[in-house]
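Structure first, then comments.
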Amino acid sequence: MPTILRVALDTPLRRPFDYLPATAPDTPLPGVGRRVRVPFGRRRLVGVVVAIADSSDVPTARLKPVLEVLDPQPLLDAASLAILEWAAQYYHHPIGQVLASALPRPLRLGAPAAASLRCWQLTAAGEAALAASEPRRAPRQRSLLELLCERGPATAADLDSHGGDWRPAARALSARGWISTEQVPAVSLPPPPASAIVRTAGPELLSEQAAAVEAIAASLGRFAAFVLHGITGSGKTEVYLRLIERVLQAGQRALVLVPEIGLTPQLLTRFRARFDAPMAVLHSALTDHERLLAWRDAFSGRARIVIGTRSAVFAPVPDLGVIVVDEEHDGSFKQHEGGFRYSARDLAVWRAQHAAVPVVLGSATPALETLHNAVAGRYRLLRLERRAARAALPLLKLVDLRQHAVQSGISTPALQAMQKHLAAGGQVLVFLNRRGYAPTLLCTACGWIAPCRECDARLTVHLAAGRLRCHHCGADAPLPPRCLQCGFSVKPVGQGTERIAETLAARFPDMPIARLDRDVVRQRGDLEELMRRMSSGEARILVGTQMVTKGHHFPDVTLVLVLNADQGLFSTDFRAPERLAQTIVQVAGRAGRGARAGEVLIQTEFPDHPLLTSLLTGGYDGFARAALEERAQAAWPPFSRLAALRDSAATPQAALAFLTAARALAGRPPAGVQLLGPVPAAMAKRAGRYHAQLLIESRARATLHRFLDEWLPEIEQLKSARTVRWTLDVDPIALF
Ligand code: ADP
Ligand code: ZN
Ligand code: ZN
C-alpha cells in the first residue's frame, strides 16, 4: 500500500493535494504538520502535510513525489492544525490559504523554523567549582556561575536581561570548562523560577479585582470563558497581569490579543515593567523578518507571553495557560479584507476550548454577541464597577443642537464648558469621527460638489496639505481654487478634525492644541510624541478621531466633547447603534481618570433618540438590554446566524448578475435558510468597482453551514465566478 501525503498548498482550491514521499535516499517520511516543497504545475510550492493516507483518488502512477522535507520537527502541532482546519471549515475558506495566513511570509517561502536556541549552562566541573567557592577573585564570573546554578540553562537574551556585559565572564568560564554552550529546544528550557518572573509588584487589588482573578484562576487547567466587563480605568489590565503572573509561575505561557498595538504602547510598557519574562510581540507593522523572529520566539517557547493583534490568535504557544482578548468588542479582531474573514475573538474562544484553558474577554463595552453569550450561560460575566485609581465616573449630558447657537460645529454650552474646565486646569478632549478639514467642497454659485470619480462619495478637503482626498479609495488631487464646473469660487463645508483644531486655536489662543488622527500620526514616534505632549500637560486640548478612544491614559482630562453623535443613529447597518454606543462610552471613559471628576457633553440634534436616552439613563448596560431586545425582535444576530456573499465588478449589472445566478443555484433553499437580496451596496461604487451583496440568514448555525457547504462548490462552477471578485463573509460585522 503506498503512503500518500496530503499537502495543503496556498491555492484557491478547497482541497489538499496528494503527493508521494520523496524519492531521494535518507529523506525522512514527513509527519503531519511539517512543511514540504512540492512540484505544482510548472512551479514549486511550499505546503504543509495535513494528513497521511494510504490511498488517493488520483492513480498512484500520476502522483508526484515531494521534492524536499523542510522541517525536522512539525511546524504545526496537532492543536495548531486543529484550529486552522476548524477555521477553514467554519469560514468556508481553502485550508491552504488559511494556513498561509497563519504563517509569517518567510516560513511560507521555506525559511527554517529554527526551534532551538544556544544556551549557556553549568558543567559538573562548574558545579564543583561553585561548591568550593571558586572563583574567588573574579566576581563577575562568580555571579554568572551563581546565576546559571540558580536558574538553569540561559539564553543570551536571558543573560542580557540581567544587565552588564556578561560575555567576557562567559568566555573565561568556558575556557576553564566550568560552563558550556549547547543548542537546546527552548520548549524544554526550564521556566524561570517564580521569584524571577515579577519585576515590580502591582498595587494591592480591589475586592472586585481580586474576586475576578480568583474566579478565573480557579478555572486554570480547563476551559471556561469569562467576560470581564469593567469601565475604562476599572483595573481590567491589572486583572490580566495578575492572572498571567499565576500562569507564568505555573510554568505555562500566556497569549494576549489586543486590537492595535500601535495605539496602545502603554499596554506593552506595562507588561514589560511588570514581568521579567521574555515576550514576543506580533502585529501588522512588523517587517517580514521581524515577524519571523517574533514567531520563532513563540514557537520555540522562549517567549513566556505572546502579545499580538488579530493574526496572533494562530501563533504557536507551547504549554498555553490562558488567553486574554483585550477590548474584545473591537471591530479590528474581525479580518475584513481578502477571502479569509475570520474573527480572532471567536477563534480565541474556540482555541481556549480546544487547549482546555480559560479565556478572558475584557471590555468596557462588550459586544452584544458576547453579552448574549453571558446571559445564555455560556460565558461567565465578571464585573468591575468601580474605578481603580479612585476617580469618580464622568457625568454624561446631551447638548440639543436645535436649541443652541452653533459656530463652526461647536455649540455655546460646549464652548462654555471648555472655558470652565480649562480655567480650572483640566485638559479637554474633543472627539469628531472625521479627519481632514471639511467633508465637502462646494461651489457657492452653481452648487457643484467635488466628487470622487471612482466612488459614490465626496472628496474631503485637506486644507493644510492643499489636497482633495477620497477616504474610500485614496484618490488624491490638488485643491482647486475655483469651481471645476463654472469657475466661480468654492468653499469647504462641514467640519473635520483639522478645521475644529483651527477653530479652537482661534477661540483659545493661549491653550496649546494637539490633534490625533491618521493624517498626523504617520510614522513610529508620532503617536509617542503626541502622548507625551498630552501626558505632560503641555497640550491642553486634544482633538481627535476614533484613535482617541483607544487605551490612552490622560489623568488630567476632565471634559470630553462628542461633537457629532448623529452619524450612526440612522444607518442601514443593524450594528451601527452598537458601534456608536461603544464609541461614546469609550470616549467618555477618557474623562476623569485622574483624581478629578469628569464631564462628558454629547452634541446631537436628536436628544430624544432611544439609543441616546437608554445610554444616558441606563449606561451601556441599559443600552445593551434595549438593543438586544430589538435584535431579538428583528431576528438579527445573535438571534440568528448570518453570512454575506459579496462581490464587485466593472459594472453594476455584472455585480448583481453573479449574485442573482448564485441565488438561482440555491433554488428553494432548505427550511430555516433565507436568502436576502441581492442588493447593491449602500455605497455601490468604490474604487471604480460596483459592489453588491446577498445575505444568507438562518436561525441555526448548523443549518446555515450545511447549506453553505453544498452551495459554495456550485457557486465556484459559475462562469461569472471567474469574472467578478467575490467573497463569503461568515458572521459579517459590517453590512453595507
Ligand atoms: P483598565 O484596563 O480597566 O482601563 P487599568 O488596569 O489600566 O484599567 O487601571 C487603571 C489605572 O488604575 C491604572 O493606572 C492602574 O495602574 C490603576 N490601578 C489598577 N488597579 C489598581 C489597584 N488595585 N489599586 C490602585 N491602582 C490601580
Ligand atoms: Zn460652480
Ligand atoms: Zn474614491
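The values are calculated or read from the model by the stated rules, or taken from the named source; none is laboratory data. These figures come from a predicted structure and were not determined experimentally. Counting neighbours? That spans all protein chains shown, and the Cβs are built from the backbone with ideal geometry, glycine included. Side chains included, ligands, DNA and RNA excluded: accessible areas come from the protein's heavy atoms. Shrake-Rupley method; radii C 1.70, N 1.55, O 1.52, S 1.80 Å.
Let me confirm something: among 445, 464, 424, which residue is within 28 Å of residue 599 (Cβ to Cβ) and hydrophobic (A, V, I, L, M, F, W, C)? Give the derivation first.
On the way: 445 fails: within 28 Å of residue 599 (Cβ to Cβ); 464 fails: within 28 Å of residue 599 (Cβ to Cβ).
Every option except 424 fails the conditions.
Just the residues that are among the hydroxyl-bearing types (Ser, Thr, Tyr), open to solvent by 50 Å² or more (accessible area, probe 1.4 Å) and either part of a loop (DSSP other than H, G, I, E, B) or closer than 30 Å to residue 356 by Cα (or both), please, taken from the range 33-65.
Filtering the range 33-65 for residues among the hydroxyl-bearing types (Ser, Thr, Tyr) gives 55-56, 60.
Subset that is open to solvent by 50 Å² or more (accessible area, probe 1.4 Å): 55, 60.
Scanning the range 33-65 gives a single hit, 55.
Within the range 622-633, identify whether any single residue is in contact (Cβ under 8 Å) with a residue 24 or more places away in the chain, within 16 Å of ligand 1 (Cβ to nearest atom) and open to solvent by 10 Å² or more (accessible area, probe 1.4 Å), and answer yes or no.
no
For residue 300, work out the one condition from (1) in contact (Cβ under 8 Å) with a residue 12 or more places away in the chain; (2) within 16 Å of ligand 1 (Cβ to nearest atom); (3) polar (S, T, N, Q) it doesn't fulfil.
Of (1) in contact (Cβ under 8 Å) with a residue 12 or more places away in the chain; (2) within 16 Å of ligand 1 (Cβ to nearest atom); (3) polar (S, T, N, Q), only one is false for residue 300: (2).
Applying the selection to the range 643-652, what residues are in contact with an Asp or Glu (Cβ under 8 Å, 6 or more places away or on another chain) and either surrounded by fewer than 21 Cβ atoms within 10 Å (Cβ to Cβ) or in a loop (DSSP other than H, G, I, E, B) (or both)?
Passing the criteria: none in range.
Before we move on, is residue 118 at pLDDT 90 or above and open to solvent by 70 Å² or more (accessible area, probe 1.4 Å)?
no
Counting only residues that are crowded, with 16+ Cβ neighbours inside 10 Å, touching a Lys or Arg at 6+ places or on another chain (Cβ under 7 Å) and farther than 22 Å from residue 285 by Cα, how many does the range 83-115 have?
Summing the residues that are crowded, with 16+ Cβ neighbours inside 10 Å, touching a Lys or Arg at 6+ places or on another chain (Cβ under 7 Å) and farther than 22 Å from residue 285 by Cα in the range 83-115 gives 3.
For the range 240-348, list the strands (runs of 3 or more DSSP E) that sit wholly inside it and hold at least 1 residues that are modelled with pLDDT of 95 or more and β-branched (Val, Ile, Thr); which are they? Lay out the reasoning, then the answer.
Values: elements: 253-257, 279-282, 305-308, 320-326.
Answer list for the range 240-348: 253-257, 305-308, 320-326.
Can residue 492 be described as open to solvent by 30 Å² or more (accessible area, probe 1.4 Å) and either farther than 30 Å from residue 287 by Cα or not in a loop (DSSP other than H, G, I, E, B) (or both)?
yes
Among the residues of the range 253-272, are any over 30 Å from residue 530 (Cα atoms), out of contact with any Gly (no Cβ under 9 Å at 6 or more places or on another chain), open to solvent by 10 Å² or more (accessible area, probe 1.4 Å) and away from ligand 2 (no atom under 16 Å from the Cβ)?
For the range 253-272, residues over 30 Å from residue 530 (Cα atoms), out of contact with any Gly (no Cβ under 9 Å at 6 or more places or on another chain), open to solvent by 10 Å² or more (accessible area, probe 1.4 Å) and away from ligand 2 (no atom under 16 Å from the Cβ): absent.
I'd like the full set of residues that are over 19 Å from residue 705 (Cβ atoms) and among the β-branched types (Val, Ile, Thr), limited to the range 631-676.
Within the range 631-676, 651, 660 qualify.
In the range 689-700, what residues are surrounded by fewer than 21 Cβ atoms within 10 Å (Cβ to Cβ) and either at pLDDT 95 or above or closer than 16 Å to residue 727 by Cα (or both)?
689, 695, 697
So residue 300 passes all but one of these: (1) open to solvent by less than 10 Å² (accessible area, probe 1.4 Å); (2) among the small types (Gly, Ala, Ser); (3) under 13 Å from the mean Cα position of the chain (by Cα). Which condition number does it fail?
(3)
Under 8 Å between Cβ atoms, at least 6 apart or on separate chains: pull out the pairs that start in the range 154-177 with a residue that is open to solvent by 60 Å² or more (accessible area, probe 1.4 Å) and end on any residue that is not in a loop (DSSP other than H, G, I, E, B).
Going by the 8 Å Cβ cut-off, the qualifying pairs are 162/147; 164/140; 168/140; 176/125; 176/129.
Could you say whether any residue in the range 721-736 is in a loop (DSSP other than H, G, I, E, B) and over 26 Å from the mean Cα position of the chain (by Cα)? Outline the logic, then answer.
Keep residues of the range 721-736 that are in a loop (DSSP other than H, G, I, E, B), which gives 723-724, 731-736.
Filter once more, so that each one left must be over 26 Å from the mean Cα position of the chain (by Cα): 723-724.
Yes, that holds for at least one residue.
Could we say that residue 639 is outside any strand (DSSP E or B), open to solvent by less than 60 Å² (accessible area, probe 1.4 Å) and touching a strand residue (DSSP E or B) at 6+ places or on another chain (Cβ under 8 Å) here?
Numbers: outside any strand (DSSP E or B): yes; open to solvent by less than 60 Å² (accessible area, probe 1.4 Å): yes; touching a strand residue (DSSP E or B) at 6+ places or on another chain (Cβ under 8 Å): no.
Against the criterion (outside any strand (DSSP E or B), open to solvent by less than 60 Å² (accessible area, probe 1.4 Å) and touching a strand residue (DSSP E or B) at 6+ places or on another chain (Cβ under 8 Å)), residue 639 does not qualify.
Considering only residues that are part of a loop (DSSP other than H, G, I, E, B), among the acidic types (Asp, Glu) and over 29 Å from the mean Cα position of the chain (by Cα), which ones fall in the range 1-32?
26
What pairs come up if the first residue lies in the range 436-449 and is free of Cβ contacts under 8 Å to residues at least 24 places away in the same chain, the second is within 13 Å of ligand 2 (Cβ to nearest atom) and in a strand (DSSP E or B), and their beta carbons are under 8 Å apart, counting only those six or more places apart or on different chains?
449/441; 449/442; 449/443
Please name all residue pairs, on different chains or six or more residues apart, with Cβ atoms under 8 Å, provided the first residue is in the range 201-220 and is open to solvent by 50 Å² or more (accessible area, probe 1.4 Å) and the second residue is more than 11 Å from ligand 1 (Cβ to nearest atom) and assigned to a helix (DSSP H, G or I).
Taking only residues 6 or more apart or on different chains, the pairs are 220/246; 220/247.
Residue check, residue 397 against (1) assigned to a helix (DSSP H, G or I); (2) open to solvent by 20 Å² or more (accessible area, probe 1.4 Å), all met but one. Which one?
(1) is the only condition that residue 397 fails.
Within the range 161-172, can one find any residue that is at positive phi and either modelled with pLDDT of 90 or more or aromatic (Phe, Trp, Tyr) (or both)?
Within the range 161-172 (the criterion being at positive phi and either modelled with pLDDT of 90 or more or aromatic (Phe, Trp, Tyr) (or both)), the answer is no, since none of the residues qualifies.
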